[in-house]
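Colleague: My structure is below; once you've seen it, I'll send some questions.
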């Protein structure tokens, strides 16, 4: 574990485990979480002999609580800096939710030889917010509501989200885990409110259409059809049509946080894609 410093002085915290000459897998977390959200995947792939890397996005987790640069272009530049510092070559980048947007933007702009494959899990591309060009998106008022709740009482909001739609714990018969809820809250409260507030705009309003079109490497889209945070109809179903080498797997009944709630299934499918 360590930190790198970006051009604007921001310190990015990262974990880097496993043999340095092994195939590298880089994990990109969702909002408003941290690298810790990938615990299940990090341990699993480390046990399989891979080099596993995960960072805390600027303003999140243990990275600098930035008041500026909380946008997708800067996030992608931060990943470029991390990849250069760790000398990552032919890496596989895996992004969940907001992290999927970060992966799309980074991979579309990465230097030759840096990326081998990419995976987007419950990811926000092509674009979340509703507009004339994206009539199936979520209304801007939804994200205004997120901002209002973060500003008013993020501690409570960060209880309500994981206890409800994020993991599908609001569904009848759901196997609710208080530990998972508490861990989500812990990660969220570690970050800076300004960066997390700004990130709502970044994940909801950034248009990744051209990024997806530009990606030349194989991309695996994984999405639950009961994702209540990033509805599949306006994300993966549209995104797969934009990719040069894309494949899509839809998980019946799976929630937005399926990498946690169904880690055994997700890890097995990730491993198969990576080894293919």
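Read-outs: derived from the displayed coordinates by stated rules, not from any lab. Computed from a prediction, not measured in an experiment: that's the story for all the values here. In this analysis, Cβ positions are derived from the backbone assuming ideal geometry, glycine residues included, and neighbour counts consider all displayed protein chains.
Colleague: Between residue 209 and residue 111, what length in nm is gained on full extension when 0.36 nm per residue of separation is reduced by their alpha carbon distance? Please report the intermediate quantities before stating the final value.
Modeller: Working: separation 98, 0.36 × 98 = 35.28 nm, distance 1.97 nm.
Extra length available between residue 209 and residue 111 comes to 33.3 nm.
Colleague: Between residue 89 and residue 141, what's the calculated FRET efficiency when r is the beta-carbon distance and R0 is 30 Å? Round to 0.05. Mind dumping the intermediate values first?
Modeller: Values: r = 44 Å, r/R0 = 1.47.
The pair residue 89/residue 141 has a calculated efficiency of 0.10.
Colleague: Enter the mean projected area of the convex hull around the alpha-carbon atoms of the chain, in nm², rounded to one decimal. Show your work: numbers first, answer last.
Modeller: Details: hull surface 52.4 nm².
With the hull built on Cα positions only, its mean projection is 13.1 nm².
Colleague: Using Cα pairs closer than 8 Å and at least 6 residues apart in sequence, work out the relative contact order for the stretch 151-213, in percent.
Modeller: Numbers: 25 pairs, mean separation 20.8, N = 63.
Relative CO of the stretch 151-213 lands at 33 percent.
Colleague: Hey, what number do you get for the chain at 222 nm if only DSSP H runs of n ≥ 4 count, each worth -39500 (n - 2.57), divided across all residues, to the nearest 500? Kindly include the intermediate steps, with their values, before the conclusion.
Modeller: Details: 10 runs with 110 residues, N = 276.
The helix-only estimate for the chain comes to -12000 deg cm²/dmol at 222 nm.
Colleague: Here is a further query. Hey, if you drop one equal point scatterer on each alpha-carbon of the stretch 114-219 and run the Debye formula without solvent, what base-10 log of I(q)/I(0) do you get at q = 0.11, 0.18, 0.21, 0.22 Å⁻¹?
Modeller: The calculated log intensity ratios at q = 0.11, 0.18, 0.21, 0.22 Å⁻¹ are -0.46, -1.07, -1.19, -1.22.
Colleague: If you take the beta carbon distance between residue 226 and residue 46 as r and set R0 to 25 Å, what does 1/(1 + (r/R0)^6) give as a FRET efficiency, to the nearest 0.05? Please report the intermediate quantities before stating the final value.
Modeller: Values: r = 30 Å, r/R0 = 1.19.
It comes to 0.25.
Colleague: Taking only the alpha carbons of the stretch 189-276, what extent do you get along each of the three principal axes, in Å, biggest first?
Modeller: Rounded to whole Å, the extents work out to 41, 32, 24 Å.
Colleague: Let me ask something additional. Return one quarter of the surface area of the convex hull spanned by the alpha-carbon atoms of the stretch 1-115, equal to its mean projected area, in nm². Mind showing how you got there, number by number?
Modeller: Values: hull surface 24.7 nm².
Here the figure is 6.2 nm², rounded to one decimal.
Colleague: OK, next. With viscosity set to 1.567 mPa s at 4 °C, what whole-number translational diffusion coefficient in µm²/s follows for the stretch 10-63 from Stokes-Einstein and a Kirkwood radius over Cα pairs? Present the calculation step by step, with values, prior to reporting the outcome.
Modeller: On the way: Rh = 11.2 Å.
The calculation lands on 116 µm²/s.
Colleague: Still on this structure, I have one more. For the chain, what relative contact order do you get, as a whole percent, if you take Cα pairs closer than 8 Å and at least 6 residues apart?
Modeller: Details: 564 pairs, mean separation 56.4, N = 276.
Computed value for the chain: 20 percent relative contact order.
Colleague: Defining a contact as two alpha carbons under 8 Å apart and six or more residues distant in sequence, what relative contact order in percent does the stretch 1-117 show? It would help to have the intermediate numbers written out before the result.
Modeller: Values: 215 pairs, mean separation 34.2, N = 117.
Result for the stretch 1-117 is 29 percent.
Colleague: Rounded to the nearest 0.05, what FRET efficiency is calculated for residue 151 and residue 5 with R0 set to 41 Å and r the Cβ-Cβ distance?
Modeller: Working: r = 30 Å, r/R0 = 0.72.
Taking R0 as 41 Å, the efficiency between residue 151 and residue 5 is 0.90.
Colleague: Also, I was wondering about something else. Need the full-extension length gain, residue 265 to residue 174, defined as separation in residues times 0.36 nm minus the C-alpha distance. One decimal, nm. Each step should come with its number before you reach the end.
Modeller: On the way: separation 91, 0.36 × 91 = 32.76 nm, distance 1.73 nm.
Extending this stretch completely gives an extra 31.0 nm.
Colleague: Order these peptides, 138-147, 36-45, 64-73, by their mean beta-carbon neighbour count within 10 angstrom, highest first.
Modeller: Those peptides, ordered most packed to least, come out 36-45, 64-73, 138-147.
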